[in-house]
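Encoded as structure tokens, the structure appears first; notes follow it.
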Amino acid sequence: MSNIGSGSAPCRFAHYFVVCGIDNETGLEPDALLMNILKDVSNPLFSLILINVLSAGENFDQSPLKRTFKSKVLAHYPENIECNPFDQDAVNMLCMPKGLSFRTQRDSRTPQFHSFLITREDGSRTYGFVHTFYEEVTSPQICSAMQTLHQMHQAEHNASAHNCPSSSSSSSSSSSSSSYDSVRDTLYVSKAMCLITPMPFMHACKRFLSQVHRAVISHQPPPLPLESYIYNILYEVPLPPPGRSLKFHGVYEPILCQRPGVGELPLADFPLSEAFRLLGVENLVQIFTCVLLEMQILLYSQDYQRLMVVAEGITTLLFPFQWQHVYVPILPASLLHFLDAPVPYLMGLQSKEGTDRSKLELPQEANLCFVDIDNHCIELPEDFPHFPNKTEFIQELSEVLLSFGLSPEGGNTSSEPAVSSQTSVLEKELKSTSLSELVDDRKNGNLGGEALDVLELLQGNPTLERLQALAKRTGVKVARLEALAVGQKAVGEEGVGGRSPAEEEELRNAKLNVQLREVFAARFATMFTDYESFVIQNSPDLESWLTNREQMHNFDKASFLSDQPEPYLPFLSHFIETQMFATFIDNKIMSQWEEKEPLLRVFDGRIEKARLYNVRAPSLRSSVYQKCTFLKESAQAIEQRLRKIDHTAIHPHLLNMKIGQGKYQQGFFPKLQADVLASGPTNNKWSNRTCSTQRRVDRHRQHNDHLVLDNDHKEKYMQEARNLGKNLRQPKLSDLSPAVIAQTNWKFVEGLLKECKMKTKRMLVEKMGREAVELGHGEVNITGLEENTLIASLCDLLERIWSHGLQVKQGKSALWSHLLHYQTREEKNEQLGQEKRKPESSVGLPALHVSVIQDMRHIQNMGEIKTDVGRARALIRLSLEKKLLSQHLKQLLSNQALTKKLYKRYAFLRCEEEKEQFLFHLLSLNTVDYFCFTSVFTTIMIPYRAVIIPIKKLSNAMTTSNPWLCVSGELGDSGILQITKNVLEMKFDRQNLGKLTTVQLGHDNSGLLAKWLVDCVMVRNEITGHTYKFPCGRWLGKGVDDGSLERVLIGEFVVPCNDEDGGRGSRTPPLQQSPSQIRRIKPTTVQIQESIGEAVNNIIKHFHKPEKERGSLTVLLCGEGGLVWALEQFFHHGFRSARIFQKNVFVWDFYAFMENADQIGDLQETPELLGLNCESFCRYVNAINNMPRNIGKDGKFQLLVCLGARDRLLPQWLPLLAECPVITRMYEENALLRDKLTVSSLIAVLETLHDFPITLESSLTKSVEL
């Protein structure tokens, strides 16, 4: 092979021409895969293969014509190319994935076309295009071997039929249809021709291979030997330059192809119309969303080309992003163990004819999108977000399809027509006419118009028309004229500008492709218009950025999400966590030091162009759908290239071949002369031009190597930077040795552990908030949406860990399946040795039994959750909220016998050291508080337990009244719950109340001893274990304390401190408690003013948080240190309670005294504003006094402050109270209320609350009529 040939290989249209088929020397060989299975059924790596192969009936009980036999690469040209080494095993495996197929003259032998691609470990791709046809078997040895196999099969079949007569009749028909007799029958075997190319020019390759096959089966030999056409496409046809079109020549007719320009969407030649036809618009958008969120996608079809078309179609639509994980559109049987990979993948699996989907056992389905292409249906993962503006998006795609005459719903239409094996006489004559013109042409393929001129002269001639009609009646053909006429008619009806109907169809497909892709690209351009503003670029050079890549934040996610429309957030919060988005941002950062990555360059150009068109100033982000504006422009660019051909390749020509070799024999592919196909020309201008271009590129690269990192050093860092969180980029198809498989699984284990470390660290950093920022970790806040995204991501990771290395798949959730096995064993053990527990005698809540079995029972009792995947995720959320996730999983894995039974040796869960590190990372999540179960499952019924704890041990026995309780939370309240007399504890079931905030406690004041001294109320959620304490410390009863018969108590979250909690003690600060009556230390004036300022500040901070993060406002108003408590301190300062009365006097007494005294008349004579304030004050006090509830004087004061804050009246009432004459009798001279400067500053502080909508819980305002 010449140096020039190899040097110019990157610029060639095709790299290899390959022929695969049966090797007559070795004869029939059973597929090595099947033989390995039969030899070693216990091999765990191939258990899946055994299930799939045997379930399809591909075993030795089948007719020999339906068995799997090994194919081989019979020839490939050239021998090797340096830039793209030939991988014989992979190419053979993908050219004939099912191995050799045998047929007889009774069977259909229609040729088939399919494509494949090989993705190397570095992510680069090579495309293969295969034309498979049937050739008659001429080897007597192979015919004899097939005859022998058939006789053996027939004997076995007869024996089984004798033993089981009922099955004999049903199988007799199938047996006769697949019989073989070497004397009576003609045997055919499959053979494949393949072109391997660096770019996916599918239509051009398909047409070239089709023409080669037509030459093989034609009655007449081709004008030139086949070597001339193969040599031409391998060495003399270049890749079209960007933005240009190219014409080259097949055996019978020219072939056109075009390549998008630098600013256009990259080349995509697979027909998207076929993908939309097979699946429908809505299904395809759903699959597209799953791919964007990097789920596991498994395509399933009998047709290899369908697998390829759908896979390539979807990945093409990802622009400007790129799939970063395992990508195998056609998964050979020998690689089925890759479905066990606990990583995102996009794979295609061939379904066997008659195989039911339910029999297909997959390692894990919790995060799997299963696409049954042939049946036009998909199975989606649970709980994944919809693509933004999905309805409008589907509508726009439907309009594009309808404009091309296609149905948006897709449908059960026939598959792509196979290549026709018969050619009409007229068509052959037309082709030979075209060929003769091609051979005689002196314009290097630009065909002259001589034929057209002749036809125009002859058309319309009445004499010729009569002669032609007479010839038809007598059966004589005027071949040349008829061919010209038919060809012109076809062009006139379907073609434009001299193009054939096939070329017109290709143009139509290309225009549809680009318009559909533009709609998808426009959605990303809309969503990420301002993405560059949120890219964090803080490294001085590339080397320092690559070195510190793992520790750096490259994108301000919180700010980006806060700038997006609300409907986009569920999708975007998931998407910006994906590897493809991280790689996109990495490419953006690196573009400041290097040449821009092509997709990024095109995308940035689109955004810049959109900004130029949008002359108005950018407004707030809107979720209004914007249609794509580039459809017409992009379609015109393609049409212009194909109308005016830019380049024409050198014609096929005679080669310096040996005479007598490769003799033409109809129906048989000849043995090609390898010496003439081994290397390319050494003196054509195109080769020299590409070589000089390559040398310039090499010099430029060498120059850059001195300025930046050397390539090896850079590649090392690039792999680390780009592959964060990825376990394995791509399986190597050609090496399937046990050592390689073991190494692959070890990479999975390492990758899963690294991913766990990163996810738990991210969850901690985001949850810790400002503390984490001070320690140097990333952004400040995290919204509930982001938290939910991170937890969902953790659930997916745990499912993938539990799916790795499963012995036998049971159910869609591997984690829940393991838990059920564990539950069954533990419940048997409990029945064998039940222990009687001693009853709890202490006052307070009984201890809550903590175990993974108990939590599983809670989840199983939740009727709202219907699937195993949902139950597993609910248990993870519950365990995380209870700070028991690590403990529960450790308990589950402690049963080693069960783990060994369920998992293979290489599974993650059986790697002891990695498993311990994994549990340690999960344990770190106990340092922060999550309410991810309570906040998500808002409609479930939850059992609660409440305990009332009196101050005196027997005080409850002294109560003759009927007590009641009402528990309120962020999601609702329990309603009035009557408590049985003299019983301190009660249980009740209610729909999830959320985080508990208040308890109303009271009694009806009946009986002789109608008073109650209560220390506190304890309430516990029996599922989550969350316990709340509601301090009271006051009397309930008339004539005692403030005369209250009911009190509103404010809750505080109680942190458990048992030894078994295992690190659960670390927490965020507790909620405030109800203020107590006992105030032994009088606060100073400075402390009172500070407490008011702090209470107001806390309320303002509350409203500045995201709405879903705010929590309870009641706590900030009525809790310890709240606004009511602070104002009560203010009004108590300098209060002369003991000098006026001989009993306790409350602040409310001052209000009531002022409202009832003669001061009102005096105040109403003051300025009008003060009079209005007085009127409103009296109205509120009267309404509180007249309500049927007996909440006591402190309760009334609390209610008045809350209503005044809600209705923005507190600053108006304060001057009224300060100016009231009665103040001199009830307050000392140094009281804060009598200090005008202090009152003015307090009014200013309270007025800051006017900007916020304060809402009150119904437990506070119940029965008040204003």
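The values are calculated or read from the model by the stated rules, or taken from the named source; none is laboratory data. Predicted, not measured: the structure shown is a model, and the values here were computed from it. Reconstructed Cβ throughout: ideal geometry from the backbone, glycine too, with neighbour counts over all protein chains shown. Accessible surface is based on the protein model in full, side chains and every heavy atom, while ligands, DNA and RNA are left aside. Shrake-Rupley method; radii C 1.70, N 1.55, O 1.52, S 1.80 Å.
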For this session: Read phi for every residue in segment 907-919 and hand back ³J(HN,Hα) as whole Hz from Karplus 6.51 cos²θ - 1.76 cosθ + 1.60, θ = phi - 60°, with x for Gly and Pro.
Result: 4, 4, 5, 10, 9, 4, 5, 5, 5, 5, 5, 4, 5
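Pairs Lys812/Lys866; Lys1011/Lys1038; Lys1193/Lys1236; Lys759/Lys915; Lys828/Lys882: which exceed 18 Å Cα-Cα?
Details: Lys812/Lys866 12 Å; Lys1011/Lys1038 7 Å; Lys1193/Lys1236 27 Å; Lys759/Lys915 16 Å; Lys828/Lys882 26 Å.
Checking Cα-Cα distances, Lys1193/Lys1236; Lys828/Lys882 exceed 18 Å.
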Problem set entry | Heavy-atom accessible area order for Met986, Met1226, largest first, 1.4 Å probe | Met986, Met1226
For this session: For segment 181-192, just list the computed ³J(HN,Hα) in residue order, Karplus coefficients 6.51, -1.76 and 1.60, θ = phi - 60°, integers in Hz, with x standing in for Gly and Pro.
Result: 10, 5, 7, 8, 9, 9, 9, 10, 9, 6, 9, 10
For this session: Sort the following peptides by mean Cβ neighbour count (other Cβ atoms within 10 Å, averaged over residues), highest first: 1175-1184, 197-206.
Result: 197-206, 1175-1184
Exercise. Quick one: if you stick a label point 7 Å off each Cα along the C-beta vector at Asp530 and Gln395, how many nm between them?
Worked result: 2.6 nm
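Let me know the shape class of segment 530-611, please: from the alpha-carbon gyration tensor, a ≥ b ≥ c as square roots of the eigenvalues, rounded when a/c is under 1.5, otherwise prolate if a/b is greater than b/c, or oblate.
Here segment 530-611 falls in the oblate category.
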For this session: Within segment 1181-1266, list the chymotrypsin sites (Phe, Trp or Tyr not before Pro) lying in a DSSP loop whose Cβ has at most 11 other Cβ atoms in a 10 Å radius.
Result: none
Seminar exercise, completed: Checked segment 173-312 with the C-alpha gyration tensor, a ≥ b ≥ c its square-rooted eigenvalues, rounded below a/c of 1.5, otherwise prolate if a/b is larger than b/c and oblate if not; verdict oblate
Seminar exercise, completed: The set of residues whose placed amide H lies less than 5 Å from the amide H of Cys377, leaving out same-chain residues fewer than 5 positions away, is Asp372
Problem set entry | Reference-scaled alpha-carbon Rg (2.2 N^0.38 Å with N residues) for segment 239-316 | 1.37
Problem set entry | Greater than 27 Å apart at Cα, pairs in Lys72/Lys352; Lys644/Lys671; Lys70/Lys352; Lys390/Lys754; Lys98/Lys671 | Lys644/Lys671; Lys390/Lys754
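With a cap of 16 neighbouring Cβ atoms within 10 Å, and only residues DSSP puts in a loop, list the trypsin sites (Lys or Arg not before Pro) found in segment 932-1036.
Lys952, Lys953, Lys981
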For this session: Filter the trypsin sites (Lys or Arg not before Pro) in segment 1221-1259 to those in DSSP coil with at most 16 other Cβ atoms within 10 Å of their Cβ, and list the result.
Result: none
Seminar exercise, completed: Expected sort for 884-890, 534-540 on mean C-beta neighbours within 10 Å, highest first, is 884-890, 534-540
Problem set entry | Accessible-area value, Val514, 1.4 Å probe, nucleic acids and ligands omitted, Å² | 20 Å²
For this session: Can you figure out the FRET efficiency of Met657 with Ile1100, using R₀ = 60 Å and their beta-carbon distance, to the nearest 0.05?
Result: 0.10
Exercise. Can you pull the accessible area of Glu399 for me, 1.4 Å probe, Å² to the nearest 10?
Worked result: 80 Å²
For this session: State whether segment 363-408 is rounded, prolate or oblate according to the following rule on the C-alpha gyration tensor (a ≥ b ≥ c being the square roots of its eigenvalues): a/c under 1.5 gives rounded; otherwise a/b larger than b/c gives prolate, and the remaining case gives oblate.
Result: oblate
